[in-house]
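What follows is a set of notes on a single structure, which appears directly below.
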């Protein structure tokens with residue numbers, strides 16, 4: 001039977017029962033072009049080695065923490081773009097939607113409003129979600145291309161950003177300072193070293209408990225599940241990466257006063273990545289987003305309310321952009337009308353695509369934005385350390401983007417012709 | 001008409017009475033009568049433009065006929081949209097329109113009808129149910145039901161689409177050219193599947209150009225000619241030549257069924 005000899009390109013965990021089988025299926029899958037996050041991890045390793053050889057400060061604790069806080073904005077913007085890309089759409093407005101959200105939060109926190117931090121943040125995020133719902137409604141109900149609607153958004157929300165600053169007498173020169181310590185400390189404040197360790201133990205412990213329970217339960221039901229050894233190995237890798245992260249962040253990186261601990265933004269971003277991963281993988285809405293991105297006609301025939309799911313996708317994209325705006329202003333301690341939302345949205349798309357999301361819809365996960373955002377931050381951070389000009393930094397990022405997309409495309413093409 | 005039905009006593013699952021549909025000057029369907037019985041494969045054949053697509057679109061609820069009546073288990077029904085048809089248990093399988101390449105077999109089979117527990121997708125229950133259905137249909141060539149359908153052959157994809165219909169408790173499955181673009185062994189596989197589907201008591205209405213396939217699997221034949229029902233009857237009463245004559249001339253010179 002020829003069917004039986006067809007290449008198995010399924011995830012190895014679903015066709016393998018033993019470690020050996022798992023590795024064999026994994027290798028077949030890579031040979032078939034479905035290499036997952038391997039190229040991006042390899043690329044990140046190469047970037048790290050290059051910069052570390054050129055500039056030993058690159059892997060110092062202080063710089064790694066700095067890099068992580070730089071990456072936070074890119075990761076969140078990339079996450080926002082993932083929603084659009086999975087739906088086979090694009091959202092060009094994320095940069096300025098982030099800025100508008102940030103501006104609303106900053107102004108509500110500043111006098112004379114002086115809102116408590118949580119209500120200001122909620123209001124800002126609600127506003128960005130509403131922006132997304134509006135754009136999504138225009139796209140789905142009026143059947144306008146997302147490219148055009150969000151391009152209008154790119155222009156229009158910049159106008160709104162400037163207007164928001166204009167009507168605020170406290171915004172001198174279009175700049176609003178972050179007056180609230182909770183918002184400021186999101187990026188600039190650190191967990192105590194002990195709190196970092198406790199968080200790590202709790203998170204890795206929960207992760208281990210959930211994955212082991214699921215694997216064991218599925219095996220008992222006779223369902224496909226990865227070999228237990230693979231599950232344990234995955235948990236070990238997560239644990240090691242987590243320990244390394246906490247160790248590095250807990251090194252005293254201050255020069256005059258002690259400065260140590262995991263910046264709050266790190267668990268914040270990871271929590272968003274986890275939450276959105278759950279949404280994509282475990283909810284009906286997430287499942288429908290993939291279906292619509294690959295085959296909207298099949299989705300429609302399956303009875304899915306395509307317009308509604310698309311609108312939710314654009315709403316989630318703008319909401320996530322609002323979070324990026326929050327992190328952006330927290331890091332700078334202020335937000336201003338000169339936010340370059342046009343460039344930020346390009347980073348958003350770049351982060352998602354470098355990480356492995358497809359521009360052609362149906363493929364992309366939150367973890368891709370996480371990896372892509374870290375790569376972009378690493379390139380910028382490293383070139384900055386080497387004293388490369390802004391011009392050089394832009395060109396280098398362009399090359400990384402092209403390299404990532406070409407590797408992906410070449411590997412995939414080989415898979416298809418094989 | 002009902003005298004020569006082979007599907008046992010009682011009313012047919014679906015009965016079309018005098019269905020007409022016109023587009024401007026074109027008479028796509030002209031007073032078409034057809035009975036479709038449970039547990040039987042009814043093959044709808046005809047030349048291009050004979051009205052096959054118009055007829056299955058009517059049954060699928062994609063448009064309403066201008067005249068005529070549709071009876072479901074003897075009761076008159078109106079099919080205003082595909083949802084109406086689906087609620088009765090009518091499922092249409094269009095080639096290559098049915099599946100999402102990036103989703104796996106289980107996800108495709110449950111698309112739009114996902115099982116949930118506490119609002120969260122219940123993957124285990126879906127996988128168990130999907131596996132059961134595939135086993136009943138004797139679809140055994142797939143290596144894992146968790147592989148994306150992009151990696152499947154045409155025959156396997158067709159099998160998944162059929163299993164999806166069974167999963168949705170379809171009582172009438174309409175298949176549009178189920179064997180087009182399939183190789184020999186895959187055609188074999190799909191025809192076997194259609195047969196098993198009917199043997200489980202499902203009514204199958206199959207549109208096909210391939211008369212060889214039709215004779216292999218159909219219990220009844222219905223030949224459309226220029227929007228009219230030229231003839232229908234048990235497949236055993238036809239031979240290749242008589243079907244071709246009905247398809248090309250709408251009538252037959254020599255003796256034939258009816």
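With the simple spin-label model, which puts each label point 7 Å out from Cα in the Cβ direction, the residue B:33 to residue A:396 separation comes to 8.2 nm. The Kirkwood radius of the range B:42-94, taken over pairs of alpha-carbon atoms, gives through the Stokes-Einstein law at 4 °C and 1.567 mPa s a diffusion coefficient of 110 µm² s⁻¹. Counting only Cα atoms, the size of the range B:96-168 along its three principal axes is 36, 24, 20 Å, in decreasing order.
Axis angle, to the nearest 10 degrees, between helix A:193-220 and the longest C-alpha principal axis of chain A: 30 degrees.
Normalised size of chain A, defined as Cα radius of gyration per 2.2 N^0.38 Å with N residues, equals 1.01. What angle do you read, to the nearest 10 degrees and between 0 and 90, between the alpha-carbon axis of helix B:154-167 and the longest principal axis of chain B? Once rounded, one gets 90 degrees.
Semi-axes of the equivalent ellipsoid for the range B:15-167, computed as √(5λ) from the eigenvalues of its C-alpha gyration tensor and ordered from largest down, come to 34, 17, 14 Å.
Taking the convex hull of the alpha carbon positions in the range A:21-72 and averaging its projected area over all directions gives 5.1 nm². For the range B:80-120, the Cα-based Rg and Dmax, in that order, read 12.6, 35 Å.
Rg then Dmax, both in Å and based on the Cα atoms of the range A:197-305: 19.4, 65. From the alpha carbon centroid of the range A:309-336 to that of the range B:38-96 is 48 Å. Across the range A:282-418 the C-alpha pair distances fall into 10 Å bins from zero in the proportions 10, 32, 33, 19, 6, 1 percent. Note that the range A:93-181 carries a Kirkwood radius of 13.6 Å, evaluated over its alpha carbons pair by pair. Orientation-averaged projection of the range A:212-258 equals 3.8 nm² [convex hull of Cα atoms, one quarter of hull surface area].
Using just its DSSP H runs of length 4 or more, each adding -39500 (n - 2.57), chain B gives a mean residue ellipticity at 222 nm of -9500 deg cm²/dmol after division by all residues. Using a Gaussian network model of chain B in which every pair of alpha carbons under 10 angstrom is joined by a spring, one finds that among B:131, B:195, B:143 the greatest mean-square fluctuation is at B:143.
The distance separating the Cα centre of the range B:123-170 from that of the range A:339-364 comes to 34 Å.
When the Cα atoms of the range B:78-211 are aligned to their principal axes, the ranges along those axes come out at 50, 41, 26 Å in descending order.
Only beta bridges with both residues in the protein assembly as shown are counted; by DSSP, about 60 percent of them are antiparallel. Taking the empirical scaling 2.2 N^0.38 Å for compact globular proteins as reference, the range B:172-258 has a Cα radius of gyration ratio of 1.11. Dividing the summed -39500 (n - 2.57) terms of all DSSP H runs of n ≥ 4 by the residue count of chain A sets its mean residue ellipticity at 222 nm at -25000 deg cm²/dmol. Find the all-direction average of the projected area of the Cα convex hull for the range A:173-216, expressing the result in square nanometres with one decimal place. Result: 5.1 nm².
For the range A:245-318, the fraction of alpha-carbon pairs lying more than 14 Å apart is 70 percent, rounded to a whole number. The Cα trace of chain B gives Rg and Dmax of 18.5, 66 Å, the first to one decimal, the second as a whole number. Using a cutoff of 8 angstrom between alpha carbon atoms and counting only pairs six or more residues apart, the relative contact order for chain A works out to 35 percent. Computed from Cα atoms, the angle from the helix A:306-332 axis to the main principal axis of chain A rounds to 50 degrees. A Förster radius of 22 Å combined with the Cβ-Cβ distance from residue B:251 to residue B:25 puts the calculated FRET efficiency at roughly 0.40. Summarised as an ellipsoid, the range A:48-133 has semi-axes of 32, 21, 8 Å, derived from the eigenvalues of the Cα gyration tensor scaled by 5 and square-rooted, with the largest first. Across chain B, the relative contact order, built from alpha-carbon pairs under 8 Å that are at least six residues apart, equals 26 percent. Take the alpha carbon atoms of the range A:80-127, find their center, do the same for the range A:177-193, and report the distance between the two centers in whole angstrom. Cα centres, the range A:80-127 to the range A:177-193: 18 Å.
All of the numbers you see were taken from the coordinates with simple rules; none came from a lab. The shown structure was predicted, so the numbers you read here are calculated from the model rather than taken from an experiment. Neighbour counts are summed over all protein chains in view; Cβ atoms, including those assigned to glycine, are modelled from backbone coordinates with ideal geometry.
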